[in-house]
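Throughout, read-outs are computed from the coordinates displayed, never taken from laboratory work. Note that the structure is a prediction, hence the values are computed from the model and not measured. Counting neighbours? That spans all protein chains shown, and the Cβs are built from the backbone with ideal geometry, glycine included.
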Amino acid sequence: MRPAAEVGADLRPLAETVGRIDPRHPAEAAVQVEDAVRRLFAVVTHAPGPAPEALLGAADDWHEVGAATARAGEHVAELGAGVGEHAWIGGSGDDARRSVADLHRRAEVVPAASYAVEAALDGLAEDLQAARHRHADAFHALHAVDWGGDPAAPEEWRERLADSVAVLRRSVEELERAYGEADAAHHAFRTRLASATHEVRPPAPEPEPPARPEPQQAPAPAPVGGALVAAPVGGGGGRRRRSGRRRPERPTPTASAPRHRRDTSDTRDAVGTGTLGTGPWESAAELTSRGHRTWEVTVVDAEDRGASYDVAARAAAEGQAAQVHLGERTGPGQVALATRAGDHALRLRDPDDGVEVTISRFDWVHGDAVAGWGAPWAVVAPVSLPTGRRTRA
């Protein structure tokens, strides 16, 4: 469909041609009228578009976008209210709360913008409806133009041609108005649309609060009777057995000595160890910024715990040491690097003290605690493994 401005430009020389037709010379005028009508039909066959019905359908879709985003924003606000310090303290909790608050601020601007786009589409549909009515009337009038006559009765022929030329001129004027109104409607729509989408720009994020030192913690005691580990490598399911190896006690973390240190004893793990002192989303963002692959967070879903295991397993199969964040329901507190330990198990290594344990898919799915670290909470792995419920960093 041609733009209304182009059709209007083609109509202007036709209007000048029609204006020069002189019915006092019927033979010549009849040829000119016939040629003008033929050229007009070729130019104005299609009414100014798009069709108002299509625009109204698009307006309804934008209304649903705004309503759905408003509902989602309410859920985000509820989530933010639930992630208070009573539920998750420390730096990771602060990062999570800031992320949720920033997402809520971004979501808040979408409904108003969507409704503004809806109103712009409604306005364009209304304006085009009027232009299309004008076009239909003028187009119908062209069919009534008659240039035939009897040369033996020139006076009667001249009168008939005079009436036809008058109708032709009015039709051309109305068609020019119709396409001019359509072009103006499109210009107004683009202005309203630009104003609406400008509001979608997210507000500036709130400044981060000053960092607070990590609280002093007592050394973590070794589990009585040794660390709990999963079934032996290669063993499918089964219950856990106790290992005779006792887990070394951790040093007390301080503000100057972070809980996690970068371990370069295994170059295969180096890609993941530099971010182990942060939460899963921050780790994913940092790892993504370092290389050519995008890393994502897969939160362990209580309804499908196996999906997160599969993410870590596929990363290990590719030679990438995925990060496994472990902890309680309120959030992760321990990070381990996962490497392959057979077809149905992963080896989790603490880069801080080198302790390794093996966990099978069966034990992962059943949500058992791993070596006193807690249950798997989230996996940070490359984006090339699209499995599980992921959130992009």
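Things worth noting here:
- Three-way shape call for region 1-156 based on the alpha-carbon gyration tensor, with the a/c threshold at 1.5: prolate
- Sequence ranges 165-171, 290-296, ranked by mean other-Cβ count within 10 angstrom, highest first: 165-171, 290-296
- Per the Cα gyration tensor, region 90-165 maps to an equivalent ellipsoid with semi-axes of 70, 8, 6 Å, ordered largest to smallest.
- Kirkwood Rh, angstrom, region 276-370 [1 / mean 1/r, Cα pairs]: 13.7 Å
- Taking packing as the residue-averaged number of other Cβ atoms within 10 angstrom, the listed peptides 346-352, 131-137 run from highest to lowest as 346-352, 131-137.
- In order along region 304-313, the Karplus-derived 3J(HN,Hα) couplings, from 6.51 cos²θ - 1.76 cosθ + 1.60 at θ = phi - 60°, round to 8, 5, x, 4, 5, 4, 4, 4, 5, 5 Hz, and Gly and Pro are given as x.
- Highest average packing first - 174-184, 109-119, Cβ atoms within 10 Å: 174-184, 109-119
- Coil-residue trypsin sites (Lys or Arg not before Pro) of region 20-49, DSSP, other Cβ within 10 Å capped at 12: R20, R24
- With each label modelled as a point 7 angstrom along the Cα→C-beta vector, the L79-A194 pair spans 3.5 nm.
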